[in-house]
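A.B. asks: The structure under discussion is supplied below as structure tokens; questions concerning it will follow.
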Amino acid sequence: MKYLALVLLLVTDVALACAPMTYAQLQEQLKKEPAEELVFFASWCASCKKHLVPDQLAKSYFIASFDEEAAATKAFTAFLGSDSLKRCIFDKDGSIAAAHGIKSLPAVTRPKL
């Protein structure tokens, strides 16, 4: 029975992650579910945690940039929980940060449409 629990835990951890997207994919996502702000963060950025707050969830997408996907997901869920992962996007090729001129973190900007 404990092996089943371990397998379920491992499967759950793999399934729960920030959605990896390119800039073009984010544009499509914003057409379906608009946001007022894009909050750029990274797991290693101590200043970023002040932007990972629940009252931002309804109006923002959180973009993990300049980071590794697993580390970014872990940081995001530590502050906002795994139920909020639908608002977390992993900038898989750097195109989202580049399109918004992001060179340092944290950063908050409006989506470009």
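A.B. asks: Would you list, by chain and number, the lysines whose Cα falls below 21 Å from the Cα of Lys112, excluding same-chain residues fewer than 8 positions away?
C.D. replies: Lys31, Lys32, Lys59, Lys86, Lys92, Lys103
A.B. asks: Mind ordering 78-88, 24-34 by average Cβ neighbours within 10 Å, highest first?
C.D. replies: Those peptides, ordered most packed to least, come out 78-88, 24-34.
A.B. asks: Per residue of the stretch 46-61, in order, report the coupling 6.51 cos²θ - 1.76 cosθ + 1.60 (Karplus, θ = phi - 60°) as ³J(HN,Hα) in whole Hz, putting x for Gly and Pro.
C.D. replies: After applying 6.51 cos²θ - 1.76 cosθ + 1.60, I find 5, 6, 5, 4, 5, 9, 8, 10, x, 5, 8, 4, 5, 10, 10, 10 Hz.
A.B. asks: Restricting to the chain, compute how many DSSP beta bridges are antiparallel as a %, nearest 5.
C.D. replies: The antiparallel fraction comes to roughly 20 percent.
A.B. asks: Report the local net charge at Ala42: Lys and Arg +1, Asp and Glu -1, summed over other residues whose C-beta lies under 12 Å from its C-beta.
C.D. replies: -2
A.B. asks: Using the C-alpha atoms of the stretch 64-113, what convex hull volume per residue, in cubic angstrom, is computed?
C.D. replies: Enclosed volume per residue, from the Cα hull, is 90 Å³.
A.B. asks: For the chain, state the semi-axes of the equivalent ellipsoid (square roots of 5 times the eigenvalues of the alpha-carbon gyration tensor), sorted largest first and rounded to whole angstrom.
C.D. replies: That gives 25, 15, 13 Å for the three semi-axes.
A.B. asks: Charges only on Cβ, +1 for Lys and Arg, -1 for Asp and Glu: so what's the dipole of the chain about the Cα centre, in debye to the nearest 20?
C.D. replies: Once rounded to the nearest 20, the dipole reads 160 debye.
A.B. asks: Have a look at Ser95, Phe41, Thr109 and report the one farthest towards the positive end of the charge dipole of the chain, computed about the Cα centre with Cβ charges (Lys/Arg +1, Asp/Glu -1).
C.D. replies: Thr109
A.B. asks: What nm distance separates the two modelled labels at Lys31 and Leu113, each placed 7 Å from Cα along Cα→Cβ?
C.D. replies: 1.2 nm
A.B. asks: Related question: To the nearest 20 debye, what charge dipole does the stretch 52-99 have about its Cα centre, counting +1 at the Cβ of each Lys and Arg and -1 at the Cβ of each Asp and Glu?
C.D. replies: My answer is approximately 180 debye.
A.B. asks: Follow-up question, since we're still on this one. For a label point 7 Å from the Cα of Phe79 along Cα→C-beta, name the residues of the stretch 85-113 whose backbone N is under 16 Å from it.
C.D. replies: In the stretch 85-113, the label zone of Phe79 (backbone N under 16 Å from the point 7 Å along Cα→Cβ) covers 85-91, 104-109.
All of the numbers you see were taken from the coordinates with simple rules; none came from a lab. Fair warning: this is a prediction, and the values are worked out from it, not measured in the lab. As a convention, Cβ positions derive from the backbone with ideal geometry for all residues, glycine included, and neighbour counts pool all protein chains shown.
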